Every structure is written in C-alpha cells, then in structure tokens.
Amino acid sequence: MAAALAALLALGLVLAAGGWGYTAFRFGQISSVHVPGLGKAPSDGSVNLLVVGSDTRQGLRDGGFGDAAGQRSDVIIVVHLVPAARHAAVLSIPRDLYVPVAGTGGSAKINSAFNRGPGQLVQTIQQSFGIPIHHYLLVNFDGFREVVDALGGVALSFPRPVRDSNDGHNESGLNIPRTGCQRLGGNQALALARSRYFQYQDKAGRWHGDPATDLGRIRRQQTMLRVLAANAVGRNPANPIRANALVGSVVHSLTKDDQLTIRRSVTLARQFRSFDPARLTTLTLPVDRAVQRDGVVRRAGQPGFEQGLSHGWEQILLARQPDARSTVAKLVARPTRPAPRPSAATAPPRWAGPGAPVAPAAVSVTVRNATSRQGLAARVTAGLSALGFKATNGGNAPPSATTRLAHAPGSDAAASTLARAVKTGGRVARSPQPGLAQRSVVLILGADFNGLASRVVPAKPPATRPPKPTPATRDLPPWDPRPC
C-alpha cells in the first residue's frame, strides 16, 4: 500500500535522524503483534517485509491480534530490501487471487487468509509463492489520512475526471471533477487508493469503468507509492516540529511483528536514507480472470467460464504460470551492483507539487540585505507586508551583486509569487534550499535590487496538459493519474 511504505520510509528517516531516547519512545508507540511462521532473515542482510493495508485494527491492542472475525486484508504487498545494494522492490498481490489457504485444506481469495490473523496470511504466501517472509507491517486506513496529510499530500495529474461508482453508489468517496495537476489530501488519496469501481469521463461526457478492475487499482497505488515515497524522502527530519508531527501520525497507524526490533529498524532506515524512489522496482503478480463455485474453477477462455459468469459464480483471479514464477524471481533477484548514492549533481529533482498559483498571504518571506544600503531589509520587509506577504527582517547577508531567492523544495510557486513583487531589471534567480518550511522563501537583496512592485499580478493557472512520460508512467492507460 502506498501509504504504508511511505509511512515506513518517513518513520525511518525520522528514527535515523533522532536521538536514541526519542527514537525508543516513538518506536514503543507502534503496536506489536506476534506473527507465527515468520522466517529468519538471511545473513546477507536482505529482508522480505509483508505490508498489509486493512480497514480495521480490531483486537490489535496490547500486542494481541484478538478476535477479528470478518477482517480482510484490502492491500497485500511484499517488499524485498537489499541494504548492501540499496535496492528495493515491491510485489503487489491482488486481493482476489484464488489460492490454497494455509491450515484450511481449501482454497479461497487470498485476502480472506487474513481472517485468522497475519500468521495465516504469511504462511499462505510462503506456501503459494515460495517467498520467505521475515517481517510484517499493517497500516490502518484511518491512519492513512494522517500520514498523507503529514507528508504534504500527494500531487497527481489527472488526464480525465474520475470517480468511484458501483451502480450509482460511490463506495470509496473518490470524486475528482477537474483535470490537470492537483494535490490530494488524505481523504481523496485514500479514496483513490481504495477505489474498486474506478470510472473516468471521456471528452464527450460519458463515463467508463477501468477494464483492469483490481489490477488497475494496484497500478494506481503503485503510482501513488512513487510520489509519496519521493515526498517522504524530501521532508526535512532535522526540523523538530515537523518531524514530531510526522512521526506522531505514522506510529499510531502502524502495527508491526514483535520480532522487528528498534535496532533492526534504525539500521534499515540509515541504510536506505539516501534511497532514490525513482529506482524502486514495482511488480504485479500476473493473473487471469476466472470464476468458481464450490471449488469448481473455470478460467477465462475455457469452456464454462462465460456460463459461470452469467450464473453468478464468484469472480476470482488465478496466477498465470509460468509468468507468476518469473515475476517472483524478479522480486527476490539480487541486483548486479550496488546502486550509486545520489549526489547533489546527479540526484533527481525533488517533488515540486502541482505548481498552482500561491497568494502573497500564503508566502513567508525572510528579507536579508546583501548591499551597502543601510536599513534596506527593514524597508523591504515593511513593503512586502503591505503587499500581503508574511515578511520578517533577517538582517544583513554577505555582499552580493545580484538579488536572489532561496525557497523550500517544492515551493516553486511561492517563490514565483515573490519574484513578481521584486524589481531588478532582469529575472530574479531562484534555487531550492533544504531545511526551509513549505512556502517559505529567503529574499537576498543584491546590488541590482530596484524596489518593489506596486501590486502583485496574479500568475496564470498552470497548463493542464499531462506531464512528460517517464519509464514509470509510459505504460499507464490514458485515464490513469500520474505524477505531476
């Protein structure tokens, strides 16, 4: 699940940056549960983590799984980590996959294996796919909203208006009526992640369902995962207020197995602290449609499938072989060489948000004087306040011939708003500066500063054309959202 992995990554960044006492306090707030059947991690340090998204945590208090009759795993992901190579891969398993359920002597949809607790799901995955599971993580969907909001939302570009509709009923709450780049808060991000009846509107105003159904939902979750992971990495864990708010939202939304220790978690966090989310390998188990009734299964294309479909047999998915075995092999395959650590020169740009216009009242400005003109910072601070900015006097700066702006990563729109208020006779240089809060800008007044505009002319809304395709988005269908 996108939020589960982003939450884990964000928590890891904070744990890696924080002191041991604070780390132990926050780690102790994560619920723990005993999970029978977990394997022992190999000596090379690699680890397989089962991540489950569920809509309930009934019975998970005080470290016990308790009575959770009727509980289902809504999202199932296996994460394969190779710390020595800074390699991470995720395999999404469709919830409707029909498999032999461990300890029952029968078969059912794999999400029902969670009904008796995570141990049964772990053993079912290990028996069905031969993937040893070393640790387990559950994310609660109520906590998902807080995690997404704490990470600043998720910015996605929507080529078409989309909604969730099952015979006229919006079950997930998804409703995006306009196209283009926009930032989703926790509620709409959760609705997108959970939508099983995803529909998009064509240019003629007609609504169409996604023919990929649950596989389409997995595809959209993986898109969200990349954006949220990049956003988590882009946060500044050195800011104590922001870090505390972020980790506070994360710990209460997670449940881990009782064998995952604080020392192991911090070690993994430090090893993946410089991980580039663009290098994340995302896989989905290949499947075929099928129907079943009383254990009689008919795969799509076989005699009896259409008849079973018309007679209301249960719709299921079956692993497509040998493709499924090949996909599992890709998941656990070791990379040929360690991934290079990103440097300032080679690291990809951090998420910059949808770039929507920002009003002066939403921009915090620190003014610094890099000229020989005494009192300039104070005068400009007063002038910017009169224009509606939240301006403060930052005092003097080392001498500079040019005026420039330093802004928080992802706050390009805020810097653009301020740049339209500054006169220099040319374009004001701008650059991101890690450590600044969102929509915070430092204005360094150089010798070319020539005053302030009488008013701030609003920027035009950004174009709604879709972003340039990348390897991660090139194969998306034309109706799917994609990173801005």
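The values are calculated or read from the model by the stated rules, or taken from the named source; none is laboratory data. Only a predicted model underlies this, so the values are computations on that prediction, with no experimental measurement involved. Backbone-built Cβ (ideal geometry, glycine too); neighbour counts: all protein chains shown. All accessible areas refer to the heavy atoms of the entire protein, side chains included, with ligands and DNA or RNA removed. Shrake-Rupley method; radii C 1.70, N 1.55, O 1.52, S 1.80 Å.
Numbers at a glance
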| read-out | value |
| --- | --- |
| Exceeding the 32 Å Cα-Cα cut-off - candidates Lys40/Lys109; Lys109/Lys330; Lys109/Lys203; Lys256/Lys330; Lys40/Lys330 | Lys109/Lys203 |
| Accessible area (Å², 1.4 Å probe, nearest 10) - Glu306 | 120 |
| Segment 363-402: projected area of the alpha-carbon convex hull, averaged over directions, in nm² | 2.7 |
| Per-selection Kirkwood Rh - segment 72-113 (Cα, Å, 1 d.p.) | 11.8 |
| Fully extended contour minus Cα-Cα distance, from Thr284 to Asp475, at 0.36 nm per residue | 67.4 nm |
| Stretchable slack from Gln302 to Thr104, in nm (0.36 nm times residue separation minus alpha-carbon distance) | 68.5 nm |
| Charge dipole (debye, nearest 20) of segment 126-232; +1 at Cβ of Lys and Arg, -1 at Cβ of Asp and Glu | 400 |
| Val367 accessible area, 1.4 Å probe, all protein chains in place, Å² to nearest 10 | 0 |
| Geometric extent, Cα atoms of segment 61-213 - Rg, Dmax (angstrom) | 18.3, 54 |
| Approximate shape of segment 113-188 as ellipsoid semi-axes (Cα gyration tensor, √5λ), whole Å, largest first | 33, 17, 13 |
| Approximate spin-label separation Ala41-Ala401, in nm, with each point projected 7 Å along Cα-to-Cβ | 5.4 |
